[in-house]
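The values are calculated or read from the model by the stated rules, or taken from the named source; none is laboratory data. Here the structure is a predicted model, which is why all the values come from computation and not from measurement. Cβ placement follows ideal geometry from the backbone for every residue including glycine, while neighbour counts extend to all protein chains displayed.
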Amino acid sequence: MNLSSSILKRILHAPDNRGGLGGTQRRRIGIAAAAFFALFPLLPFVDNYWIDVGFYVGIYALLGLSLNIVLGEVGLFDLGHTAFYAIGAYVTAILNTRFHVPILLLLPVSAIAAGLFAWLVTAPIIHLKGDYLCIVTIGIGEIVRLSMINNPLGLTGGPNGINGIDNPHFFIPILSSRQFYYLLWAIIGISAFLLTRLQRSRVGRAWNYIREDETAAKALGVNVRHYKLSAFVLGAALAGVAGNIYASKQMSISPESFTFMESSLLFCIVLLGGLGSIPGSVIGAFVVTVFPEIFRPFAKYRLMFFGLALLVMMIFKPAGILPRLRDSGERLRKALEGKKTGKSRPNAVPVVETDRAEQKLLLCIENLGLSFGGVTAVSGMELEVDKGRITALIGPNGAGKTTVFNIITGIYKPMSGRILLRGKDISSKQPYQIAEEGVARTFQNIRIFPSLTCLENVLCGQHSRGKAGFFASMLRLPSQRAEESRMLEKAQACLARVGLSDSADSLAAALPYGKRRYLEIARALAAEPELIVLDEPSSGLNDAETVELAALLKSLVREGLTIFLIEHDMNLVDMVSDHVVVMQSGKKIAEGPMCDMRQDPKVIEAYLGSDED
Amino acid sequence: MKFKKTSLVLGICCVALFFTLLVGCGGQSGKTVKIALQAPITGDYAYEGQMAKQSVEVAAELINKAGGVLGKQVEVVIVDDASNPKDSALAAQKAVSQKVAAVIGSYGSSVTEPAADIYEKNKMVSVGYGCTAVRLTMDKERTYFFRTCGRDDAQGLFFGKYAVETMGAKRIAIMHDNSTFAKGVADEAMKALEPYITEGKTEVVYFDAITPKEKDFSAAVTKLRETKPDVWYFTGYYPEAGLLIRQARDAGLDCPFIGGNAAINDDFVKIAGLDVAAGALMTQEPLVTDVTTDIASQFKSLYQEKFKELPSSPWPVYAADALYAIVGAIDKAGKLDSDAIAEAMRTKMDGVQGVTGALLFSDRGDRRDVPYKMYNVDPEGKLVVSEF
């Protein structure tokens, strides 16, 4: 049992995950909170002690935001996040005390160092799933802390740490508690602003897709490895920034500040605030910093009270205090348009122009073979899918149909044979590359992204058709805006195509089962594919719904799409397929039009067993 | 909307609590002299912190019974640093905000460091009581920081005096393990021996390091035996100490073995074996049980009366001494001004006594003539004060 994934599910599927407050109400509270943080140090009864408490709320808010990228957005359980914080602090301390590099100059240096370190240590382990990754991150955290204690090359000062770190200099020297407070909160403001932009971009959504369903994300063109690594690097860089400011404020650092307890506290902040929620991370930081301070007079019982408070919160608000609100389509569009209130350009969705005339053959499978251990799933499989037609793959259970699909979409690598898409061998490519080549799929047991809106689900298809990266998304470059609005339009068109326009802004989890199928199809359509691969699209649908589905599939083909499907429902196969391939025990046993297949003795035998004996 | 209400109520409670506590923090009032104790009341060393709190309370009661300071009573304010550098900075800021006259604290060295920086910035006298790292006073010029506990290397000084004057050793061997701590103690011992060497009273026949984590020290032991030492001081840690004494005795080296305060504990006895370990000596800060000053006896009886036991570690007593030092300095300065107090701590402390004896400070803020005692392992493997 994978503990981390079940925790993730529990939180994301909690009933209050959409949050109790509406968007505008929340925005008002946000403004009030920002005003509070801005004015707090100026209030008459606030002395330096409370300003410092506010400063540490800030440090934890920044760390919370940084862990939130990894844990909240991508769902990677990182229990060693303090390592990156420590790297930032130590880089600052070492370079400042030895070479007297100014602190603020070291701010980007610390960020880069921490990011680079994160890349180095997570690149070899990023493929690990759930709990395994979690355990390795604990290891990373401890190794970093112990290295600091062991004083490598006499750099870290061993258990005593490093002292005598300068104060930052930003036109004037930053010395007082108040100045530090404003410096830090300015940085938090900028980070939160940029992260919000990232959340509303192709990059942020890709992270969420991975968290929701890695396999589906992969099959729809998300380069999972790249986005997981980038989340770690970005999160680490932000933690490095926090380390830099912490070191200069404390003027001395020692390994005691970077213990496992600290990592778990950060974990608490993100879970408490709400996964993937930026205001949540700030609130979480506020709670874990201010509560223990308030409970200090209780001395020995302080942490018990604190634990109790956390427990109560988690019982009443399992999804966190301020769970992430998903943006409605309108909101996304508004955010894109920014100040120029111009209406959306009626940019006609271009129909994929395929070079229809040139070749008839789209997909060709030659001598395909794959076995798991000693069990042969597919061997010597031959198959051709013609352009502009519906090809169905049928066969009894265990015939290897889904395996063939998984090989086509790159989830499995074949042991022998080739897969040619438009005459090009794609068998060694990664799933996301195959999606980019124009193959989109749906899954046998529906894989949608439950806690994202339907629109966001469909936008996943468009992921492979865009290219805006981190900087373009954070700076909202014109090219990125144009791309985003094109994506939005396409996604909305695809939703409309399957008749789900009305549900665009509701969570996918709220859809009834039958509609989820359509959502999956819309998502695949949004990838602008040439070939769409459907794994048992009719399972779970009633007769009326099946007829409806058949009509949809046929109309899609008329628009120039090619469909390849696995199906058990012979009615549907009858209704839609131009060509049928029958599989048994990993081999093709017959092919032709459906009416011929019904007569074929080998097919009858495969389904009903032979009447000999 | 049950959840909303619950969170609302919780929120209101928090805000209310927050403001009550804010209001609770007043400034220095006229009737008492406020002195803060920064200690790990919670966290990993909470036990030490609690004992420090009790010790300081006992000392304050004794001081107040004797008339307080400048005609006012002493009031102890506790700030908790949870033995963690971040909390320590907050605790220091809290003590500063409460406008106390001076601060006692803190326990751990790397926890004291950020706090000392804040006190320094705010011109407030602070007196450490468990922070023994050398660099606290030697790396940075600090005007307002002092400590009543000895520096890590102070026991080396004690060893030097003891070896020559009490034991009359003519040939001394000093061994360390190149760690900052052990080398510091060894160097300090060497420094203490220099005047005796020039007088011709003694000589150092062996001064070298072993490699920690090794199991076989026969080369070092053979070399050591050839120098025929009268006494052998090892300043490193107990795992090596245990193996060293075992291997040395097996090789026929039978001069007295003295360990630094990291060399001898229950595990040392286990590693070396009781037959060999018994009789090994150690330079250490005395437990209050083994201190015999006047103030110590008053302190012990009041502590025993209030808490039914005595502090089980040497450090809490230094916290009480820090209070005696601060009160003494305020008394000598005649006012609550930080500069005057710091000045008095450096120059006017003649006659100021604490639980562990005279409280005199060097220019850098270290206590002068820190009392150490020689302990030895008795035949049952227990540590007792050595009677020479």
Hey, A:Phe316 hits all of (1) more than 20 Å from A:Glu262 (Cβ to Cβ); (2) more than 9 Å from chain B (Cβ to nearest Cβ) but one; which does it fall short on? (2)
Within region A:499-603, considering only helices (runs of 4 or more DSSP H) that don't extend past its boundaries, which have at least 2 residues that are outside the structural domain of A:Phe372 (by TED's automatic domain parsing)? A:513-526
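How many of the residues in region B:199-220 are farther than 18 Å from B:Ala182 by Cα, in a helix (DSSP H, G or I) and of a type in the set (A, V, I, L, M)?
Total meeting the criteria: 1.
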Could you check A:Ser610 against (1) at pLDDT 85 or above; (2) out of contact with any Leu (no Cβ under 6 Å at 6 or more places or on another chain); (3) in a loop (DSSP other than H, G, I, E, B) and say which number it fails? (1)
Test for A:Val70: is it part of a helix (DSSP H, G or I), more than 14 Å from chain B (Cβ to nearest Cβ) and more than 30 Å from A:Leu452 (Cβ to Cβ): no
Please enumerate the residues belonging to region A:406-424 that are over 14 Å from A:Leu361 (Cβ atoms) and not hydrophobic (A, V, I, L, M, F, W, C). A:Asn406, A:Thr409, A:Gly410, A:Tyr412, A:Lys413, A:Pro414, A:Ser416, A:Gly417
Answer with yes or no whether B:Met374 is assigned to a strand (DSSP E or B) and either closer than 25 Å to B:Leu157 by Cα or under 14 Å from the mean Cα position of the chain (by Cα) (or both). yes
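Among the residues of region A:27-41, are any within 11 Å of chain B (Cβ to nearest Cβ), at pLDDT 85 or above and surrounded by fewer than 24 Cβ atoms within 10 Å (Cβ to Cβ)?
no
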Collect the residues in region A:118-156 that are buried (at least 16 other Cβ atoms within 10 Å of the Cβ) and of a type in the set (Lys, Arg), keeping them in residue-number order. A:Arg145
Residues located in region A:300-331, provided they are without any contact (Cβ under 8 Å) to a residue 40 or more places away in the chain, under 30 Å from B:Ser83 (Cβ atoms) and among the hydrophobic types (A, V, I, L, M, F, W, C): A:Leu303, A:Met304, A:Phe305, A:Phe306, A:Leu308, A:Ala309, A:Leu311, A:Val312
With respect to B:Ala358, is the statement that it is small (Gly, Ala, Ser) and in contact with a Lys or Arg (Cβ under 9 Å, 6 or more places away or on another chain) true? yes
How many of the residues making up region A:101-133 are part of a helix (DSSP H, G or I) and farther than 15 Å from A:Ala83 by Cβ? 11
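Is it true that A:Ala440 is of a type in the set (A, V, I, L, M, F, W, C) and closer than 20 Å to A:Leu531 by Cβ?
yes
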Please enumerate the residues belonging to region B:50-98 that are among the aliphatic types (A, V, I, L, M), in contact with a Lys or Arg (Cβ under 8 Å, 6 or more places away or on another chain) and at the interface with chain A (Cβ under 10 Å from one of its Cβ atoms). B:Ile78, B:Val79, B:Ala89
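The rows are residues; the columns are (1) surrounded by fewer than 14 Cβ atoms within 10 Å (Cβ to Cβ); (2) hydroxyl-bearing (Ser, Thr, Tyr); (3) touching a Pro at 6+ places or on another chain (Cβ under 6 Å).
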{"residue": "A:Leu519", "(1), (2), (3)": "no, no, no"}
{"residue": "A:Glu528", "(1), (2), (3)": "no, no, no"}
{"residue": "A:Ser539", "(1), (2), (3)": "no, yes, no"}
{"residue": "A:Ala550", "(1), (2), (3)": "no, no, no"}
{"residue": "A:Val557", "(1), (2), (3)": "no, no, no"}
{"residue": "A:Val573", "(1), (2), (3)": "no, no, no"}
{"residue": "A:Met594", "(1), (2), (3)": "no, no, no"}
{"residue": "A:Lys602", "(1), (2), (3)": "yes, no, no"}
Being crowded, with 19+ Cβ neighbours inside 10 Å, assigned to a helix (DSSP H, G or I) and in contact with a helix residue (DSSP H, G or I) (Cβ under 6 Å, 6 or more places away or on another chain) is the filter here, so list the residues in region B:244-270 that pass it. B:Ile245, B:Gln247, B:Ala248, B:Phe268, B:Val269
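Yes/no matrix, rows are residues, columns are (1) surrounded by 17 or more Cβ atoms within 10 Å (Cβ to Cβ); (2) of a type in the set (Ser, Thr, Tyr):
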| position | (1), (2) |
| --- | --- |
| A:Leu363 | yes, no |
| A:Val375 | no, no |
| A:Val378 | yes, no |
| A:Val385 | yes, no |
| A:Ile394 | yes, no |
| A:Gly410 | yes, no |
| A:Lys413 | no, no |
| A:Asp425 | no, no |
| A:Ser428 | no, yes |
Counting only residues in region B:29-49 that are outside any helix (DSSP H, G or I) and closer than 15 Å to B:Ala319 by Cα, the one farthest from the other protein chains (Cβ to nearest Cβ) is identified as B:Ile35
Just for region A:196-226: of the residues that are of a type in the set (Ser, Thr, Tyr) and crowded, with 24+ Cβ neighbours inside 10 Å, which one is farthest from B:Ala92 (Cα to Cα)? A:Tyr209
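Taking B:Val76 as the residue in question, decide whether it is over 19 Å from B:Tyr318 (Cα atoms), in the same structural domain as B:Ala340 (by TED's automatic domain parsing), surrounded by fewer than 24 Cβ atoms within 10 Å (Cβ to Cβ) and in contact (Cβ under 8 Å) with a residue 60 or more places away in the chain.
No; evaluated as a whole, the condition is false for this residue.
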So which of B:Thr202, B:Thr198, B:Thr235 ends up being under 23 Å from B:Phe158 (Cα atoms), polar (S, T, N, Q) and touching a residue at least 60 places away in the same chain (Cβ under 8 Å)? B:Thr235
Would a scan of region A:191-205 turn up a residue that is within 14 Å of chain B (Cβ to nearest Cβ) and in a loop (DSSP other than H, G, I, E, B)? no
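Scanning for something within 33 Å of the chain's Cα centre (by Cα) and within 22 Å of A:Asn163 (Cβ to Cβ), does region A:30-51 turn up at least one residue?
No, the conditions are met nowhere in region A:30-51.
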Can you work out which of the residues in region A:287-304 that are under 11 Å from B:Thr42 (Cβ atoms) and aromatic (Phe, Trp, Tyr) is modelled with the highest pLDDT? A:Phe295
Checking B:Leu336, B:Leu302 in turn, the sole residue that is assigned by TED's automatic domain parsing to the domain that holds B:Val127, part of a loop (DSSP other than H, G, I, E, B), of a type in the set (A, V, I, L, M, F, W, C) and closer than 22 Å to B:Lys65 by Cβ turns out to be B:Leu336
Does region B:272-291 hold any residues that are surrounded by fewer than 18 Cβ atoms within 10 Å (Cβ to Cβ) and more than 27 Å from the chain's Cα centre (by Cα), and which are they? B:Gly273, B:Leu274, B:Asp275
Among the numbered criteria (1) modelled with pLDDT of 90 or more; (2) within 14 Å of another protein chain (Cβ to nearest Cβ), which one does B:Thr132 miss? (1)
Filtering region A:413-454 down to residues that are of a type in the set (Ser, Thr, Tyr) and either under 23 Å from A:Ala206 (Cα atoms) or not in a strand (DSSP E or B) (or both) yields A:Ser427, A:Ser428, A:Tyr432, A:Thr442, A:Ser451, A:Thr453
